[in-house]
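Chemist: Dropping the structure in here first, questions after.
The values are calculated or read from the model by the stated rules, or taken from the named source; none is laboratory data. In this text the structure is predicted, and so the values were computed from the model without any measurement. No Cβ is skipped: glycine too gets one built from the backbone with ideal geometry, and neighbour counts run over all protein chains shown. These accessible areas exclude ligands, DNA and RNA; they are computed on the full protein's heavy atoms, side chains included. Shrake-Rupley method; radii C 1.70, N 1.55, O 1.52, S 1.80 Å.
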Amino acid sequence: SSDLECPALRSWLNDKLRSSIWPLLAAQFGMTPGDFWLQDAFILKFEAGGHDRLVTHTDDSELSFNLLLSEPADFGGGGTSFEAAGETARPQQGEMLFHFGRVRHAGEPTTEGTSRFSTQCAQEDQR
């Protein structure tokens, strides 16, 4: 993978987080919107027969959330599996999946086509 810094995109994303996402996270996890800050954001691309998955891991964040960018008809397989629950979530395009960052999870193999996700990691402000 390669990192690309884009201050204008980060500014736009922070505006969207403050107006839309932080209030949703706060309601779901019993916090206030001002408690969060964006630790990291990136886009993942999975291709059948190539880089097709993420192995089971935890994130170095309080909360993580993924947004499916691809149309589900463009790929097969995929999804985010949660080890303890034994379940795999497969959101629709534009849907977000929120979870505690330290919960063990994996990106399941993309078996056909290409899938893209936007992944963000948030921390709680420790003021």
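Chemist: Is one or more of the residues making up region 15-25 under 24 Å from L4 (Cβ atoms), within 11 Å of the chain's Cα centre (by Cα) and at pLDDT below 95?
Modeler: Checked region 15-25: no residue is under 24 Å from L4 (Cβ atoms), within 11 Å of the chain's Cα centre (by Cα) and at pLDDT below 95.
Chemist: Enumerate the pairs (first residue in region 102-113 and more than 9 Å from S81 (Cβ to Cβ) and open to solvent by less than 30 Å² (accessible area, probe 1.4 Å); second residue anywhere and charged (D, E, K, R) and in a strand (DSSP E or B)) with beta-carbon separation below 9 Å, excluding pairs fewer than 6 apart on the same chain, so at least 6 apart or on different chains.
Modeler: From region 102-113, the pairs are T110/E47.
Chemist: Follow-up. Please verify whether S2 is at pLDDT 85 or above, of a type outside the set (D, E) and open to solvent by 40 Å² or more (accessible area, probe 1.4 Å), treating the condition exactly as stated.
Modeler: Values: at pLDDT 85 or above: no; of a type outside the set (D, E): yes; open to solvent by 40 Å² or more (accessible area, probe 1.4 Å): yes.
Here the answer is no, as S2 does not meet what is asked.
Chemist: Return a yes/no flag: does region 63-73 have any residue that is free of Cβ contacts under 8 Å to residues at least 60 places away in the same chain, in contact with an Asp or Glu (Cβ under 9 Å, 6 or more places away or on another chain) and over 27 Å from K16 (Cα atoms).
Modeler: No, region 63-73 has no match at all.
Chemist: Identify, please: which residue in region 65-89 is outside any strand (DSSP E or B) and more than 18 Å from V55 (Cα to Cα) and is, among those, nearest to the chain's Cα centre (by Cα)?
Modeler: Going through region 65-89, the residues outside any strand (DSSP E or B) turn out to be 69-74, 78-79, 83-86.
Still in the running and more than 18 Å from V55 (Cα to Cα): 69-74.
Values: L69: 11, S70: 13, E71: 16, P72: 16, A73: 20, D74: 19 Å.
By that ranking, first place goes to L69.
Chemist: Sticking with this structure for a sec: When only residues in region 11-53 that are outside any loop (DSSP other than H, G, I, E, B) and open to solvent by 90 Å² or more (accessible area, probe 1.4 Å) count, which is farthest from H99 (Cα to Cα)? Break it down into steps so the answer makes sense when it comes.
Modeler: From region 11-53, those outside any loop (DSSP other than H, G, I, E, B) are 11-29, 33-47; that's our starting set.
Of the ones still in play, those that are also open to solvent by 90 Å² or more (accessible area, probe 1.4 Å) are 12, 16, 18, 24, 28, 37, 43, 45.
Working: W12: 23, K16: 19, R18: 18, L24: 12, Q28: 10, W37: 16, I43: 17, K45: 20 Å.
Step by step, filter region 11-53, then rank; the result is W12.
Chemist: Looking at (1) surrounded by fewer than 17 Cβ atoms within 10 Å (Cβ to Cβ); (2) on the phi < 0 side of the Ramachandran plot, which is the one condition that is false for T119?
Modeler: (1)
Chemist: Hey, does region 115-126 have a residue that's in a strand (DSSP E or B), modelled with pLDDT of 95 or more and out of contact with any Ser or Thr (no Cβ under 8 Å at 6 or more places or on another chain)?
Modeler: no
Chemist: I need the full set of residues from region 90-109 which are part of a loop (DSSP other than H, G, I, E, B) and either acidic (D, E) or in contact with a helix residue (DSSP H, G or I) (Cβ under 7 Å, 6 or more places away or on another chain) (or both), in order please. Working first, answer last.
Modeler: Of region 90-109, the ones part of a loop (DSSP other than H, G, I, E, B) are 90-95, 101-104, 108-109.
Listed by number, the residues that qualify are Q92, Q93, E95, E108.
Chemist: Mind checking which pairs have a first residue in region 6-28 that is under 13 Å from C121 (Cα atoms) and among the aromatic types (F, W, Y) and a second that is open to solvent by less than 90 Å² (accessible area, probe 1.4 Å) and in a helix (DSSP H, G or I), Cβ under 7 Å, 6 or more apart or different chains?
Modeler: Every condition considered, the pairs that remain are W22/P33.
Chemist: So, of the residues in region 58-99 that are surrounded by 14 or more Cβ atoms within 10 Å (Cβ to Cβ) and hydroxyl-bearing (S, T, Y), which turns out to be nearest to L44 (Cα to Cα)?
Modeler: S70
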